[in-house]
Number of protein chains: 2
Amino acid sequence: MAIAGKETPRERYRAQLRAEIKQHAWEQIAAAGAAGLSLNAIAKQMGMSGPALYRYFAGRDELITELIRDAYRSLADTIRATADSGADLAGLGHALRAWALDDPQRYFLIYGTPVPGYHAPDDITMIASEIMDALLDAAQPGGTPADTPGDSRLEAHLAEHRGWAANHPAPPAALRRALLFWTRLHGILSLELAGQFTGMGLDPAELYTSELRHLTR
Amino acid sequence: MAIAGKETPRERYRAQLRAEIKQHAWEQIAAAGAAGLSLNAIAKQMGMSGPALYRYFAGRDELITELIRDAYRSLADTIRATADSGADLAGLGHALRAWALDDPQRYFLIYGTPVPGYHAPDDITMIASEIMDALLDAAQPGGTPADTPGDSRLEAHLAEHRGWAANHPAPPAALRRALLFWTRLHGILSLELAGQFTGMGLDPAELYTSELRHLTR
DNA sequence: CGCCTTCGTTAGAAGTTATAACTCGATCGC
DNA sequence: GCGATCGAGTTATAACTTCTAACGAAGGCG
């Protein structure tokens, strides 16, 4: 992005085709999930035949990893942009839900069922901690002190096990808030996106905002 | 189960072989996830070749559906047995976590990333509501009334949208407790099983029991 | 004892990922 | 401008997968 225009036409074409491949991949994933993604089908859709895609991605796994990276990047940018626009933790919560509902399978690419063997590359875990940082920033103000014995016990644990927030000056109360923000909202969101609430007759948004109110009270 | 012994030896053999197939399937799923399950590989492991398995399952989808059914059945039995042994909501929470840690992929078969097209058969949703019933039973006693305006608003919503608990006499406060039990614990559990906490240096069990204390306070 | 159901086999179609070898066109250096 | 080189896309092929079809062989049942 910094020094543009220095790219050869070949690199332009290559980048453009890579993007086009990923575009088709996202459509397939939205339709049939990540397990139903087929390189062959993408190639057919693009009018070229099979192995041509291997010029652009080493294989199916690399394509999926790239999509996971993009998903993380998109979430991190969304969270960061929302935070920079002055939103509080509640604002982040609503932004998270909107982002998830916008493309459920993209959410599941990040937080869904993992493949036992798979380990994300380091740069992806960097983005993940970037997200956590933004959460910790937003969890700072209005730091509600522990209001139950259970809360303070958790805060004590977090005060001693804060490796994940080592570079962040947030106090234990903020650590606890950020963590609960993550786990509680993910709990509702993942069940909602998986359709576990359908047929129950309740409104997930009501549950979600209730938890959000509780967290930012 | 009721009138046993009336089965022909063929039916016995058939049931035994079906069970053996499922056993190998579980091992494969534990090793490579549901996406990595291969009928062919199972057949090879059992010393028979390929299409023989189609005598016992109509196809890969039916086998997976059967495994999902068994997973639900196992969870429902575990929850019900724990509840019948006099455990309270906290006891159910610990039983749930133990059950999930015992076989993470089995947990993900129920609560993991859904395949967009898939709809569970009715008998499976019956088991799901059986689980919810046990939760509602346990959420009954010690029904903490709403202690924040947000809580009471959620309870008001649940009082009017209680289709999922239509056959259960639990008051709105119990509905809320059971629901939060489900979503909050699932949030932590699914992130833990997915390995999202690894490298963070915190103990998921601490977080889990903290939420559990909070729910049963 | 004979029939008949059911099991397990091999053969094959249609799909997938992925590699190898090759052609052709564009780009780059001279 | 011209030749050499690099890279895109092709087809062919191997090794998988699910799943159907047709066949042989073994068992249980009347």
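Of A:SER152, B:SER49, the sequence from fewest to most neighbouring Cβ atoms within 10 angstrom is B:SER49, A:SER152. The calculated 222 nm mean residue ellipticity attributable to helices in chain B amounts to -21500 deg cm²/dmol, summing -39500 (n - 2.57) over DSSP H runs of n ≥ 4 and dividing by all residues. With a cut-off of 13 Å between beta carbons, the residues surrounding B:PRO141 carry a summed charge of -1, where Lys and Arg count +1 and Asp and Glu -1. Over the C-alpha trace of segment B:1-57, radius of gyration and Dmax come out as 13.3, 39 angstrom. Cβ-to-Cβ counts within 10 Å put B:ILE124, B:ILE68 in ascending order as B:ILE124, B:ILE68, the fewest first. Counting Lys and Arg as +1 and Asp and Glu as -1 over every other residue whose Cβ lies under 13 Å from the Cβ of B:PRO51, the net charge comes to +3. Computed as a quarter of the hull surface, the mean projected area of the alpha carbon convex hull for the protein assembly as shown stands at 25.2 nm². Modelled spin-label separation between B:TYR118 and A:ASN40, with each label point placed 7 Å from Cα along the Cα-to-Cβ direction: 2.2 nm. In terms of other Cβ atoms within 10 Å, A:MET200, A:MET48 run from fewest to most in the order A:MET48, A:MET200.
The trypsin sites (Lys or Arg not before Pro) of segment A:1-83 that DSSP puts in a loop, and whose beta carbon has at most 15 other beta carbons within 10 Å, are A:LYS6. Modelled this way, with points 7 Å down the Cα-to-C-beta line, the labels at B:LEU17 and B:HIS94 are 4.5 nm from one another. Between A:PRO51, A:PRO104, A:PRO204, the Gaussian network model of chain A with springs among Cα atoms under 10 angstrom shows the greatest mean-square fluctuation at A:PRO51. Using Cβ point charges alone (K and R +1, D and E -1), the dipole size of segment A:59-215 about the Cα centre works out to roughly 300 debye.
Counting every C-alpha pair in segment B:175-217, the share spaced more than 13 angstrom apart comes to 53%. Say a paramagnetic label sat at a point 7 Å from the Cα of A:ARG10, along Cα to Cβ; which residues of segment A:43-61 have their backbone N under 19 Å from it? So the set is A:52-58. Other residues lying with their Cβ under 10 Å from the Cβ of A:ARG14 contribute a combined charge of +2, Lys and Arg counting +1, Asp and Glu -1. Each part gets one Cα centre, and for segment B:162-196 versus segment A:149-217 those centres are 14 Å apart.
We did not get these values from a lab; they are worked out from the coordinates using the rules stated. It should be emphasised that the depicted structure is a prediction, and the values quoted were computed from it without experimental measurement. Please note: Cβ atoms are built from the backbone with ideal geometry, for glycine as well, and neighbour counts cover all protein chains shown.
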